[in-house]
Amino acid sequence: MNGMNRITGQQNWSFERIAGKLAHRKSETDQHSGNRTPAAVAMILHQGADDLEILFIQRATHNLDPWSGHIAFPGGKLEDGEIPCQAACRETLEEIGIDLIEGTYLGRLSDIIGANLPVRVSCCLFAIDRNLVCPTLNEEVRNLFWVALSDLRDPGRHARSPVAFDDKTFDVPAIQLPVDNAPVLWGITYRLVMQLLTVLEDDRAEFEECCRLPGTVELNEED
């Protein structure tokens, strides 16, 4: 990660702000997580003309995949000897053809513990210039899109929503993304997004309602 390029000028201020906040916050991990499978995802940021943007993927449709079609970040399980951000970089290159070594590493959020699945998900943040990359999706990914931070902050997009998982339906906090025909953002990916918003937001009262998380339906869509 030490060899990653720095982003300068107007872009650098926003990314440095994020990196600084991540560096100075106390990372929290559930000490009672037990024997859970470690996984890692990449939250990829781009500085647009007017706003920061975050990259999301929609998983491909597979009849045997309970997370079929869900919104996620690129990522997956750690291989032997890997640390989380190495796994996030490897999986991102495999799934969407973006080499994060060409970007800037910003830091990590606190790990997320799956309530219904034996998994612990780490989230590594990277900054890239989306104009300099040409994504190539593998068979695991149906779609890729960028969402502005202002849309993710918009209280009008936050609501409880029914979602299907493994032949069951749950009512969960979710975000309706500004993407035609896209499912709602929920679960572990939702929790990571809300964690970032909390890190960046000085006044947290605005997000108090939509930050409330269900206690028993947090499922890992980053398999």
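So the values come out like this:
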quantity	calculated
Of the criteria (1) small (Gly, Ala, Ser); (2) surrounded by 22 or more Cβ atoms within 10 Å (Cβ to Cβ); (3) over 24 Å from Leu22 (Cβ atoms), which one Gly97 fails	(2)
Flag for Ala39 being in contact with a strand residue (DSSP E or B) (Cβ under 9 Å, 6 or more places away or on another chain), of a type in the set (Gly, Ala, Ser), part of a strand (DSSP E or B) and at pLDDT 85 or above	yes
Matching residues, segment 140-174, being in contact with a Lys or Arg (Cβ under 7 Å, 6 or more places away or on another chain) and either closer than 15 Å to Leu55 by Cα or not in a strand (DSSP E or B) (or both)	Glu140, Val141, Arg142, Trp146, Asp151
Segment 60-88, subset buried (at least 21 other Cβ atoms within 10 Å of the Cβ) and within 13 Å of the chain's Cα centre (by Cα), residue farthest from Trp186 (Cα to Cα)	Ala88
Segment 147-162 - residue that is more than 23 Å from Asp111 (Cα to Cα) and of a type in the set (A, V, I, L, M, F, W, C) and, of those, farthest from the chain's Cα centre (by Cα)	Ala159
Matching residues in segment 105-121 - criterion: being modelled with pLDDT under 95 and in a strand (DSSP E or B)	Ile112, Ile113, Val119, Arg120, Val121
Unmet requirement for Ala182, which otherwise passes all of (1) under 17 Å from the mean Cα position of the chain (by Cα); (2) assigned to a strand (DSSP E or B); (3) of a type outside the set (Lys, Arg)	(2)
Matching option when the condition is among the β-branched types (Val, Ile, Thr) and closer than 13 Å to Leu45 by Cβ, among Val147, Val121, Val141	Val147
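The values are calculated or read from the model by the stated rules, or taken from the named source; none is laboratory data. Predicted model only: the values in this text are computed from it and were never measured. Reconstructed Cβ throughout: ideal geometry from the backbone, glycine too, with neighbour counts over all protein chains shown.
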